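Reviewing the structure listed below.
The values are calculated or read from the model by the stated rules, or taken from the named source; none is laboratory data. Since the model is a prediction, treat every value here as computed from it, not as a measurement. When we count neighbours, we look across all protein chains shown, and the Cβ atoms used for this are built from the backbone with ideal geometry, even at glycine. Calculation scope for accessible area: heavy atoms of the full protein, side chains included, ligands and nucleic acids excluded. Shrake-Rupley method; radii C 1.70, N 1.55, O 1.52, S 1.80 Å.
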Amino acid sequence: MPACIHRAHHPLHARHLCQLALCVALAAAMPARAAKDDLTSLDLGQLMELTVVGAAKYEQKQNEVAAAASIITRQEIQAFGWRTLGQALASLPGVYTTNDRQYTYLGARGFGLAGDYNTRVLVTINGNRANDPLYDGAAFGRDFPLDMDLVERIEFIPGPGSAVYGQNAMFGVVNVVTRAGRDLGGTELAAAYQGPQSLREGRASWGKVLENGLDLLVSVSAMRSGGTNNFYDFGATGVSGVASGLDGERNRQLFARAAHGPWSMEFAHGSRRKDDPTAAYFSDPLAPGQYQNDAYSLAQLHYQDKFVDDTLQVSGRLFGGQQRYHSKFVYDGVRTPDRGASDWHGAELRLVSSALTDHKIMLGLEYQDNNRIDQSVADPANSSHKTTLSTPGYRAGLYVQDEWHFAHALTATVGLRADRNDVTGSSLSPRAALIWQAAPTTTLKALYGKARRAPNAYESKYADGVSQVTNPSLKDEDIQTVEFVADHRVNRDLAVRATVYRWSLKKLISLGIDAASGMTQYQSGSDLNAHGLELSADQTWGSGARLRGNVSIQRVDASHGEDPPNSPDLLARLNFSTPLPVGGLRMGYELRFDSRRDSVAGTKLGGQALSNLHLSTASLAPGLEVSLDIQNLFDKRYAHPAADGNWQNAIQQDGRRAGIWLRYRY
């Protein structure tokens, strides 16, 4: 863990409290005037009945889930105009994002190291793992291989999930559930423009249920952006200036799904290139043509049905994936390519039985063959000299869980997963929960979980002979979390939640210095301990208005007495959507406050309160929806912490930007 100075606590500034108060007042006033026929929002009763699949790999009501699970619906995604997975998740308690103008990194419950490839959160699409085996990375920005318009709901299950999922599920599991052909019922076309980035985006989707019951969906998307011309200081180089035309981005996405009876098949592909204005990895400042390109392809064939009077659910799936990374950076005027590639495939079989009275028992077996993990290492001093590292491997897991209703209103969940991999051998990940339905409107949960993460191929085996050496003796990380959750439905329209937790992360894998060579090396370092409080409320009105807000207070301490960087002590979120009485408009307003963060160098980066506004209407013409989206409404200037491999201490973020969306359905 890089050294950093001790962080002081900073209260929420008065102006931010005023903004929150103003929004609450607006929320109280608007519903009375809102149109009564709005159909784009779910009421609270419907929201509470939404099931969660990602917590246990089978459907559960939210009060049955052994976690403080949250669901983001398609209605919310539309109401606030979210175009990335990270934007949507950052509306939830304890979640924040960091952007280095290359990638979006997700922080959870105070942990969010910039540049760590999102290795400690697992992302799945319809239950299919999207983290690749080379970097173990999850995508939360435009590199995510699925268009947000195709998302039916997002399930976020905070805390360790390794008892069910194994690798990566340390701070949470994100399960993205896609739309089906029946949800489209025809053709959807979409186009967008956003300035000042000159962003152009388009999508064409078709979905339908055929007469024979076959459900089909096919969609293609593309985006191109010129980016922002920001000023950068390149530190020790003595170079500074405006990176004009160096922040471009482009991506392409394809998604196809077919389902019939108990069978379903899916394919998702995304390819994204991001130009680099920051001269990452200490490359030449302001050199044109530097970029990073990521491509993901994910496929699965899934079967699920019930037998023995519906007491036995049998699920099986075959899956495969492919990841490709390609970059070009300039060192001393020489273009230096770098490549990474991984291919994987595997199978999972899962049985869920409710044959025993008061028990729901799950038994599962999963195997993943990482048949290709390649890293191409080029010598910056000699572009013709290249070394390829090939390190294939495997992962296997056997897991069992019992959901036991052992007394009136009391349920115990006990689970254990045994994993084995080619890097660090065998490990165990247990979980336990006690859930008390204290009243029809009140649920209390006591939760315990432990998760492990084996070092990935990049951390343990990458070496370029110039800046980084391998560490074949790198050990597992492990995290233990204790958590207490109270859910209470105050009345038919208002629900509140309080969560207190403590987690301990042992042997954090982070970039250090090898004593023998003086080069960088991933090493097992500090232990981290954290505790936190999350408070949230969800209010709906019969008019179609909804107010969702949360406050998270968290504190992370390292064993060496210094605080980790990029760990805000306070997060506050407010999301309000409502139909307006003019022109069939619907408004979505969000306010997000992040307190100060430490940079890697230990300097303080100021907190920020950002407002976003989204207006939409479907009343102009049949089948046509028009949306206006304004991000960073008040044009706040703020920066995110940079990673170890940046010249900069902090990366300036975008100011105000506005976009217009057209969606046509027929």
Would you check if residue 173 is modelled with pLDDT of 95 or more, open to solvent by less than 40 Å² (accessible area, probe 1.4 Å) and either aliphatic (A, V, I, L, M) or part of a loop (DSSP other than H, G, I, E, B) (or both)? yes
Of all residues in segment 208-234, which are open to solvent by less than 70 Å² (accessible area, probe 1.4 Å) and in contact with a Pro (Cβ under 9 Å, 6 or more places away or on another chain)? 226, 227, 228, 230, 232, 234
Could we say that residue 357 is of a type in the set (Ser, Thr, Tyr), in a loop (DSSP other than H, G, I, E, B) and more than 23 Å from residue 449 (Cβ to Cβ) here? yes
Here's a check for you: in segment 176-189, which residue that is open to solvent by 10 Å² or more (accessible area, probe 1.4 Å) and hydrophobic (A, V, I, L, M, F, W, C) is farthest from residue 252 (Cα to Cα)? 177
Do we have any residue at all in segment 186-193 that's free of Cβ contacts under 8 Å to residues at least 24 places away in the same chain, of a type outside the set (S, T, N, Q) and farther than 30 Å from residue 287 by Cα? no
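Here is a list: 424, 411, 388. Which entry is of a type in the set (S, T, N, Q), over 29 Å from the mean Cα position of the chain (by Cα) and modelled with pLDDT under 95?
Working: 424 fails: over 29 Å from the mean Cα position of the chain (by Cα); 411 fails: modelled with pLDDT under 95.
Sole residue among the options that is of a type in the set (S, T, N, Q), over 29 Å from the mean Cα position of the chain (by Cα) and modelled with pLDDT under 95: 388.
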Of all the residues that make up segment 532-572, how many are part of a loop (DSSP other than H, G, I, E, B), farther than 18 Å from residue 609 by Cα and of a type in the set (Gly, Ala, Ser)? 6
Counting only residues that are on the phi > 0 side of the Ramachandran plot and open to solvent by 30 Å² or more (accessible area, probe 1.4 Å), how many does segment 574-620 have? 2
Per the filter on segment 488-517, residues farther than 23 Å from residue 71 by Cβ, open to solvent by 40 Å² or more (accessible area, probe 1.4 Å) and among the β-branched types (Val, Ile, Thr) are 513
Within segment 436-455, identify whether any single residue is open to solvent by less than 30 Å² (accessible area, probe 1.4 Å) and assigned to a loop (DSSP other than H, G, I, E, B), and answer yes or no. yes
Do you know which residues across segment 269-320 are in a loop (DSSP other than H, G, I, E, B), under 29 Å from the mean Cα position of the chain (by Cα) and touching a residue at least 60 places away in the same chain (Cβ under 8 Å)? 276, 277, 278, 279
Can you tell me which residues in segment 124-149 are assigned to a strand (DSSP E or B) and either of a type in the set (S, T, N, Q) or within 23 Å of residue 485 (Cα to Cα) (or both)? 124, 128
Could you please let me know if residue 415 is open to solvent by less than 10 Å² (accessible area, probe 1.4 Å), in contact with a Gly (Cβ under 7 Å, 6 or more places away or on another chain), in contact (Cβ under 8 Å) with a residue 12 or more places away in the chain and in a strand (DSSP E or B)? no
In segment 150-166, is there at least one residue being under 28 Å from residue 215 (Cα atoms) and in a loop (DSSP other than H, G, I, E, B)? no
